[in-house]
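Here the structure comes first, spelled out in structure tokens, and everything after it is commentary.
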Amino acid sequence: MDEAAGIGAMQRSWLDWLQHERRLAPNTLDAYAADFDDLTDFLTGHLGSRLTGEALDGIGASDIRAWLSARRRRGVGAASNARALSAIKSFFRRMKQFGRLDNAAVLAVSPPKTARRAPRAVSPENALGMMEAPLENREQDWQALRDHAVLLLLYGAGLRISEALSLTVAGAPAGDHLTITGKGGKTRRVPVLPRIAEAVAAYRRACPFDEAGDRPLFLGARGGALRPETVQATVRRLRGALGLGPEVTPHALRHSFATHLLGAGADLRSIQELLGHASLSTTQVYTKVDAENLYRTYQDARPALRRG
């Protein structure tokens, strides 16, 4: 069998498995396919001969690191390289299951370290301004009441935008707690402040569409489920009206919920539970945010030292 055709057949079977069994998104599949093609193109020149299945099975960690180094010289970032390495490892693991390849060296390569960027928090004053902005001169507008309630859930309860928009009428906050199903189907309970519950109730009273238990809680202008893009556009409009920067996004409100809790003395484990993070390391990024905020506050309070 033509070795090049054999490698192509292995790639196709791997991508088919990713699509139909793992159900990866089309964009992810395209990226994985491009990563594999990039590696095979590199290895052809790196090894100085036509790439065969035997050669692919015999490459070592140094060959993979050389490929990643070549990508870095082309300006590819650490996060993209980490994804590319993950794709290649997925290919080799799948081919090992088929008995086609067995390359432990590739599977042992450590991913490049990526710097976790600290989220940008919105100040409490600006966050509260965002909450109230939809209601200015529109107190009786049901869509303004809806936007007010959604933003309160993002900042006041720390919900992801997808979590807020996945709420149904039956699952609407009514008491002092709300049950949320987050990433990976993980369920958590988050406290609901009276102000949030009141805002949701005001929206429900004003909403002109009939309620049913399985109907999405938050609706668009025509009665369909409210889309994330609509919320994002609302935030862009409001931050422009308030003179706020582009860092103010729906997700930034969730970040701000965590950062402000930490600044008020909440412990990381509690914040982890409220946010629905699977790992404490994900939550620990907020310690850096809070330290940066503290440093800026200190600097602002000590102008004489800055001039020193």
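The values are calculated or read from the model by the stated rules, or taken from the named source; none is laboratory data. If you're wondering where the values come from, they're calculated on a predicted model, not measured in any experiment. Here the Cβ is made from the backbone with ideal geometry for all residues, glycine too, and neighbour counts use every protein chain on show. The accessibility values were calculated without ligands, DNA or RNA, using every heavy atom of the protein model including side chains. Shrake-Rupley method; radii C 1.70, N 1.55, O 1.52, S 1.80 Å.
For region 23-36, give me each residue that is touching a residue at least 12 places away in the same chain (Cβ under 8 Å) and open to solvent by 50 Å² or more (accessible area, probe 1.4 Å).
None; the set is empty.
Within region 49-74, take every residue that is part of a loop (DSSP other than H, G, I, E, B) and free of Cβ contacts under 8 Å to residues at least 40 places away in the same chain and give me the one that is least open to solvent (accessible area, probe 1.4 Å).
Ser49
Matching residues to (1) under 22 Å from Ala127 (Cβ atoms); (2) at pLDDT below 60; (3) out of contact with any Pro (no Cβ under 6 Å at 6 or more places or on another chain); (4) not in a helix (DSSP H, G or I):
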residue	(1), (2), (3), (4)
Gly213	no, no, yes, yes
Glu229	yes, no, yes, no
Glu247	yes, no, yes, yes
Ala258	yes, no, yes, no
Leu261	yes, no, yes, no
Ile271	yes, no, yes, no
His277	yes, no, yes, yes
Ala304	no, yes, yes, no
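Suppose we filter region 147-192 for residues that are out of contact with any Asp or Glu (no Cβ under 8 Å at 6 or more places or on another chain), outside any helix (DSSP H, G or I) and open to solvent by 20 Å² or more (accessible area, probe 1.4 Å); how many remain?
Summing the residues that are out of contact with any Asp or Glu (no Cβ under 8 Å at 6 or more places or on another chain), outside any helix (DSSP H, G or I) and open to solvent by 20 Å² or more (accessible area, probe 1.4 Å) in region 147-192 gives 11.
Looking at region 193-215, which of the residues that are over 28 Å from Ile271 (Cβ atoms) and not charged (D, E, K, R) is most open to solvent (accessible area, probe 1.4 Å)?
Looking at the filtered set, the residue picked out is Pro208.
Examine region 200-212 for a residue that is under 25 Å from the mean Cα position of the chain (by Cα), within 21 Å of Ser166 (Cα to Cα) and in contact (Cβ under 8 Å) with a residue 12 or more places away in the chain, and state whether such a residue exists.
no
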